[in-house]
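Undergrad: Below you'll find the structure I mean.
Rule-based calculations on the coordinates, nothing more; no lab input. The shown structure was predicted, so the numbers you read here are calculated from the model rather than taken from an experiment. In this analysis, Cβ positions are derived from the backbone assuming ideal geometry, glycine residues included, and neighbour counts consider all displayed protein chains.
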Ligand SMILES: Nc1ncnc2c1ncn2[C@@H]1O[C@H](COP(=O)(O)OP(=O)(O)OP(=O)(O)O)[C@@H](O)[C@H]1O
Ligand SMILES: [Mg+2]
């Protein structure tokens, strides 16, 4: 009897299910840990445990759309999600990791409201900015925040130069007043925002997630992903041609790689081929592949 030794335990336990059950398993939200993912989460961990001091180090996590920045910071947050027992009611619940998204065209008030809502603070848009600032510093202490992650940081470029500088000053004051490290997450346009301010660019160490290239990281990533695809035959993925075709079709972007491999595996189940081959990659119809267009960066306004 075939023991399906090419599969990870989770895939092995469902490989004998029906085609549709296996296909729906493929498209479930699996977390894949790979080189850059592990590096980013360990850097976040380092900041999380960094001894409190007046000038805390901060981080700028950047990379092209779809490389897995948000996935990595969300996985990190789940690591420190407080258990149900530590919930003490009202809005004062522990929030060791705060994640928020920079509003689309941020003003100082919208920024503060968004962060306060991220810790479930009872705020209304009628509240004054000075009150919101005071409230935020005191709530972050109460809820035990040790790291603040601001995703879609490049949205700041859509504000006017004046608004942008006010939000940047608010962020600098926040990390100084609370000794909480801040992680800005975004595409390369986020670096422009940081570079715009001297103090910020000294404080925010850039960490970059890059598309996959040929090499050990790609090999390990592929092995992990393919071992989780419940196909009944072993796939011959360890050839130069297979990897080259993958990179050509996906640009090495994580989300594209995962979609292409999932779509190919689903087709291999439907057709009965039961393994990935060089040809099966090209059989995925373009609409199924749905490689996202590179996002247009918001213009960097100077007035
Ligand atoms: N480590 C991972 N494990 C599983 N799936 C992942 C992983 N990283 C990325 N993905 C897949 O790729 C998609 C895009 O990833 P993510 O949203 O993290 O990209 P991003 O770098 O934040 O892009 P953007 O700049 O557009 O926000 C995710 O929704 C998920 O489907
Ligand atoms: Mg993202």
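Undergrad: Quote to one decimal, in nm, the extra length available between residue 282 and residue 124 on full extension: 0.36 nm per residue of separation minus the C-alpha distance between them.
TA: The span from residue 282 to residue 124 would gain 51.6 nm if fully extended.
Undergrad: Would you mind classifying the range 58-205 by shape? Square roots of the alpha carbon gyration tensor eigenvalues, ordered a ≥ b ≥ c; an a/c under 1.5 is rounded, otherwise it is prolate if a/b is larger than b/c and oblate if not.
TA: oblate
Undergrad: Using a Förster distance of 30 angstrom, determine the FRET efficiency expected from the C-beta separation of residue 131 and residue 104, and round it to 0.05.
TA: Once the sixth-power term is evaluated, E becomes 0.80.
Undergrad: When you count, for each residue, the other Cβ atoms within 10 Å and take the mean per peptide, how do 270-277, 225-232 rank with the highest first?
TA: Going from most to least packed, we get 225-232, 270-277.
Undergrad: Taking the simple approach of a point 7 Å from Cα along Cα-to-Cβ for both residue 46 and residue 201, what is their distance in nm?
TA: Rounded to a tenth, the inter-label distance reads 2.3 nm.
Undergrad: Fully extended, how many nm does the chain gain between residue 80 and residue 245 (0.36 nm per residue separation, minus their Cα-Cα distance)?
TA: Additional length available on full extension: 55.5 nm.
Undergrad: Only counting other Cβ atoms within 10 Å, I'd like 202, 6 sorted with the fewest neighbours first.
TA: 202, 6
Undergrad: Name the residue, out of 24, 179, 262, whose mean-square fluctuation peaks in a Gaussian network model built on the chain with Cα pairs under 10 Å.
TA: 24
Undergrad: Okay, next question. Taking the Cβ of each residue in 244, 114 as the centre, tally the other Cβ atoms inside 10 Å and list the residues starting with the fewest.
TA: So the ranking, lowest neighbour count to highest, is 244, 114.
Undergrad: Let me ask you something else. Counting other C-beta atoms within 10 Å, which of 174, 156, 257 has the fewest, and how do the rest follow?
TA: 174, 257, 156
Undergrad: What is the Cα centroid distance between the range 183-251 and the range 23-44, reported in whole angstrom?
TA: Result: 11 Å between the Cα centres.
Undergrad: Of 45, 263, 131, which is the most mobile in a GNM of the chain whose springs link Cα atoms less than 10 angstrom apart?
TA: Looking only at 45, 263, 131, the biggest GNM fluctuation is shown by 131.
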